[in-house]
1. Give me the base-10 log of I(q)/I(0) for region 134-206 at each q in 0.19, 0.26 Å⁻¹, Debye formula, one uniform scatterer per Cα, rounded to two decimals.
2. Could you list the square roots of 5 times each eigenvalue of the Cα gyration tensor of the chain, that is, the equivalent ellipsoid semi-axes, sorted largest first and rounded to whole Å?
3. With just the Cα atoms of region 195-299, tell me how far they stretch along each of the three principal axes, in Å, largest first.
4. Given labels modelled 7 Å from the Cα in the Cβ direction, how far is it in nm from T302 to R188?
5. Between Q313 and K122, what length in nm is gained on full extension when 0.36 nm per residue of separation is reduced by their alpha carbon distance?
6. Pick from N113, N275, N88 the residue whose mean-square fluctuation is largest in a GNM of the chain, springs joining Cα atoms under 10 Å.
7. Who wins for biggest fluctuation among K50, K154, K277 in a Gaussian network model of the chain, springs between alpha carbons below 10 Å?
8. For D202 and N157, what does the FRET efficiency come to when R0 = 25 Å and r is the distance between their Cβ atoms, rounded to the nearest 0.05?
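Values in this text are rule-based calculations from the coordinates and carry no lab data. All figures in this text were calculated on a predicted structure; none of them were measured in a lab. For neighbour counting, all protein chains shown are included, and Cβ atoms are generated from backbone atoms with ideal geometry for every residue, glycine included.
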Amino acid sequence: MNKHLIVLAVAALAAATGARAQETKVAIAISGWTGFAPLTLAKEAGLFKKHGLDVTIKKIPQKDRHLAIASGDVQCAATTVETWIGWNAAGVATTQIFQLDKSYGADGMVVKNGIAKISDLKGKTVAASPPGTSPYFALAWFLKKNGLSPKDVKVVNLEPQPAANAMIAGTEGIDAAMTYEPYLSAVRAKPEAGKIIATTLDYPMVMDTFGCTPKFLAENPKAAKALADAYFDAVDMIKAEPKKSFEIMGADVKQSGEAFEGSQKYLRWQDRAANQKFFAGEHAAFSKEAADLLMEAGIIKTMPDMTKLADTQFIK
């Protein structure tokens with residue numbers, strides 16, 4: 001190889017090494033919830049990498065996600081709007097930077113066929129994730145809208161997948177369960193096991209956002225913008241290449257592309273324009289109502305600083 005080619009080869013290697021060195025490492029905590037799937041797509045399709053990010057995605061139950069943030073194991077997470085309120089009230093400082101999705105029937109309450117209405121659950125047993133999680137908050141919200149509270153039922157703590165499985169199996173002693181997609185579709189397919197008595201079509205109160213620690217955002221503003229941009233790229237990819245996207249996202253939760261396509265019909269991923277509209281007013285209004293219910297249900301003891309829950313600069 002002549003001297004000129006050697007110089008070019010060394011320069012190319014140095015440039016590639018430099019590009020890799022500049023990638024910002026960030027660990028993200030999520031669950032297998034369908035609404036979070038574009039984050040998986042962004043990783044698997046190289047969209048995070050395209051924006052200069054080296055992303056690690058960790059599957060952590062919602063009840064433990066704030067502990068992973070507090071320990072420094074992850075810097076960012078995906079969860080529901082009201083959950084960020086609980087985390088901040090508990091002293092785990094976090095800031096939402098973009099909205100992921102809104103549930104349109106993807107979260108719901110399943111009951112045994114003998115139960116006609118939600119108010120019939122008084123004194124009965126409901127399977128749901130622990131306080132401080134989205135399914136528990138949905139339970140509290142559904143009950144409140146029907147004149148009850150969590151104190152009026154017996155709550156057995158089961159995560160969304162085992163909760164759905166318990167209903168499908170006809171587990172004795174469990175009268176209802178809170179679950180979400182893709183597990184809700186498993187119940188839809190077994191009407192003899194029970195019925196979906198209410199979803200977020202009836203009570204629109206599940207919306208997911210992505211956030212990070214204030215420390216990470218302060219030290220890595222470009223990476224925070226890159227996280228949002230990569231997510232929006234993933235939403236665009238789903239529109240442009242739905243079949244490929246559904247296969248990638250479905251594989252992560254052990255679903256076929258077709259099955260995943262079915263489960264995603266019950267939610268809406270939010271693009272940049274939808275994000276800007278959401279954070280212009282709806283986010284603050286919902287957060288206030290949610291915080292009041294969290295206080296009333298005893299899930300939080302003090303109100304966090306509501307002005308510090310979100311930073312909208314990264315969705316512009």
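1. Listed by q, the Debye log ratios stand at -0.78, -1.38.
2. 38, 23, 16
3. Between the extreme Cα coordinates on each principal axis of region 195-299 lie 47, 42, 25 Å.
4. 4.4
5. Full-extension gain reported as 64.3 nm.
6. N113
7. Maximum fluctuation in the GNM of the chain, among the listed residues, is at K277.
8. After rounding to 0.05, the efficiency reads 0.55.
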